[in-house]
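The values are calculated or read from the model by the stated rules, or taken from the named source; none is laboratory data. Keep in mind it's a predicted model, so treat the numbers as computed, not measured. Positions of Cβ are generated from backbone atoms using ideal geometry, with glycine treated the same way; all protein chains shown enter the neighbour counts.
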Amino acid sequence: LRMAIVAEPEGETRVSASPTTAERLRGLGYDVVVERGAGVASSFPDDAYGKAGATLVDTETAWASDIVLRITPPTKDDVGRLGDTATFVGMLSPALRPELLEWLATRSITALALDAVPRISRAQSMDVLSSMSNISGYRAVIEAANEFGRFFTGQVTAAGKVPPAKVLVAGAGVAGLAAIGAASSLGAVVRATDPRPEVADQVHSIGGEYLPVDVAVEQSTDGYAKATSEAYDRRAAEIYSEQAADVDVIITTALIPGRAAPRLVTAADVASMRPGSVIVDMAAAQGGNVEGSVAGERIVTPEGVTILGYTDLAGRLPAQASQLYGTNLFNLLALLTPGKDGRLVIDVDDIVQRAVTVVRDGAITWPPPPVQVS
Ligand code: NAD
């Protein structure tokens, strides 16, 4: 079958497959084509894809392929460009975009959502949410360091002693741990919160200090946080207030699946920070952990605190993000191409394949039956 790497829309710097990935996809037996210019924003020029054995084609030819790969979901017009029996593979946010599934299901199209990979050990190599969160957590620290007018590391120099910056990371999941690691490797003093006490060891192992909120939380059975109790939130709020007055940088990553992001840092906390302090609210697109953050925006408060609500943090490291996304994508497509013969076969009895298949031959197949996350 013909498989196309199509260009992303304006504003998306990543691409679904690097030249290395394109070559590996050819190894699965596919005839790989690339829309001209698709990789340019990720520093992958057209001729690099050509050297990898892919054919460069125009937009219409690319979209008319049997299998279309793109990170960004298709618009209604894009769906119209797909062939009648095409397969689209991308990040589709099926829970948030029911209308998109309806558009795709009007013909005999199949759609695979890479962001719907179940979060079980066996599927980790295909988990784009983890690979992108890891990059975003690192980049959040780089953005904060860029805004912060001081060193992260402490120094003793002939011109005087410089204390290390203090960084608070709220939420120690995939993104939070990446942020803790990056900030501590830059030499900052790093503290972290998370309602899942089991993360304490991971926080310590990468150089952070875990700040426990001494109020019992409902035990998570699936590895994810549950909404916290009022008593927990009250005690946590005291910790955030104490920390805001003390730290230079706050990075928030707290999410609860299926709900709006918990509000952790109040406007009063923000106002208590020293001028020049920086906050990165990585949950800005989900409603924000920080009062006053705006998705996609950089805001400076009257007190001189910068609040970044960037939602494209992974895309700010486009070459690496594309490489990792492409590897996740390749691993999924390798699973779906058992004969390495350029033919896509979906085994719906396999929970991973079932979970990513959100539209099958024109029928909406989302949500899948629940999977016990391990
Ligand atoms: P997430 O993006 O849903 O949440 C981010 C973090 O916010 C989590 O650590 C969560 O506990 C925390 N949080 C929620 N409410 C909070 C609050 N009120 N205050 C502070 N923090 C709060 O989670 P994630 O990063 O995608 O993953 C969480 C965990 O899931 C990981 O640590 C890992 O154990 C597991 N996981 C497993 C796999 C796999 O096995 N394939 C893949 C990804 C994640």
If you scan region 257-269, which residues turn out to be in contact with a helix residue (DSSP H, G or I) (Cβ under 9 Å, 6 or more places away or on another chain) and either surrounded by 21 or more Cβ atoms within 10 Å (Cβ to Cβ) or under 19 Å from Gly137 (Cβ atoms) (or both)?
Ala261, Pro262, Leu264, Val265, Asp269
Can you tell me which residue among Thr21, Thr85 is surrounded by 16 or more Cβ atoms within 10 Å (Cβ to Cβ) and not hydrophobic (A, V, I, L, M, F, W, C)?
Thr21
Sort through Gly37, Gly50 and tell me the only one that's on the phi > 0 side of the Ramachandran plot, out of contact with any Cys (no Cβ under 6 Å at 6 or more places or on another chain) and surrounded by fewer than 24 Cβ atoms within 10 Å (Cβ to Cβ).
Gly37
Given the conditions (1) within 16 Å of the ligand (Cβ to nearest atom); (2) touching a strand residue (DSSP E or B) at 6+ places or on another chain (Cβ under 8 Å), every one holds for Ala260 apart from (2)
Entirely in region 236-317, the strands (runs of 3 or more DSSP E) that have 3 or more residues that are at negative phi and of a type in the set (A, V, I, L, M, F, W, C):
249-252, 278-281
(1) touching a Gly at 6+ places or on another chain (Cβ under 9 Å); (2) within 20 Å of Leu1 (Cα to Cα); (3) buried (at least 18 other Cβ atoms within 10 Å of the Cβ): which one isn't true of Ser322, the others all being true?
(2)
So which residues in region 183-201 are in contact with a Gly (Cβ under 8 Å, 6 or more places away or on another chain), in a loop (DSSP other than H, G, I, E, B) and more than 9 Å from the ligand (Cβ to nearest atom), if there are any at all?
Gly187
Residues of region 286-300 being over 27 Å from Phe151 (Cβ atoms) and either touching a residue at least 40 places away in the same chain (Cβ under 8 Å) or touching a Gly at 6+ places or on another chain (Cβ under 9 Å) (or both), which ones?
Gly288, Val294, Ala295, Gly296
Among the residues of region 243-257, which ones are over 18 Å from the mean Cα position of the chain (by Cα) and either within 14 Å of the ligand (Cβ to nearest atom) or β-branched (Val, Ile, Thr) (or both)?
Gln243, Val247, Val249, Ile250
With the requirement that a residue be surrounded by 24 or more Cβ atoms within 10 Å (Cβ to Cβ) and away from the ligand (no atom under 16 Å from the Cβ), what does region 160-182 give you?
Ala165
From the list Val348, Val358, pick out the single residue that is modelled with pLDDT under 95, closer than 20 Å to Thr87 by Cα and among the hydrophobic types (A, V, I, L, M, F, W, C).
Val348
Is there a residue being out of contact with any Gly (no Cβ under 9 Å at 6 or more places or on another chain), on the phi > 0 side of the Ramachandran plot, outside any helix (DSSP H, G or I) and not hydrophobic (A, V, I, L, M, F, W, C) anywhere in region 145-166?
yes
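Table: residues versus (1) within 11 Å of the ligand (Cβ to nearest atom); (2) at pLDDT 95 or above; (3) within 19 Å of Glu12 (Cβ to Cβ).
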| site | (1), (2), (3) |
| --- | --- |
| Ala113 | no, yes, yes |
| Ala123 | yes, yes, no |
| Ser136 | yes, yes, yes |
| Val141 | no, yes, no |
| Val156 | no, yes, no |
Have a look at Leu344, Leu324, Leu313, Leu333 and point out the one that is touching a helix residue (DSSP H, G or I) at 6+ places or on another chain (Cβ under 7 Å) and more than 16 Å from the ligand (Cβ to nearest atom).
Leu333
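Within region 70-99, can you find the residues that are of a type in the set (A, V, I, L, M, F, W, C), more than 24 Å from Asp350 (Cβ to Cβ) and in contact with a helix residue (DSSP H, G or I) (Cβ under 8 Å, 6 or more places away or on another chain)?
Once the filter is applied, which keeps residues that are of a type in the set (A, V, I, L, M, F, W, C), more than 24 Å from Asp350 (Cβ to Cβ) and in contact with a helix residue (DSSP H, G or I) (Cβ under 8 Å, 6 or more places away or on another chain), region 70-99 yields Val79, Leu82.
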Going residue by residue through region 297-306, is there one that turns out to be surrounded by fewer than 22 Cβ atoms within 10 Å (Cβ to Cβ) and under 12 Å from the mean Cα position of the chain (by Cα)?
no
Just to be sure I understand the filter: pairs with C-beta atoms under 9 Å, separated by 6 or more residues or on different chains, first member in region 257-285 and closer than 21 Å to Gly176 by Cα, second member among the β-branched types (Val, Ile, Thr) and assigned to a helix (DSSP H, G or I). Which pairs pass?
Ser277/Val270; Ile279/Val270; Val280/Val141
Tell me, which strands (runs of 3 or more DSSP E) lie completely within region 46-98 with 2 or more residues that are in contact (Cβ under 8 Å) with a residue 60 or more places away in the chain?
67-69, 87-90
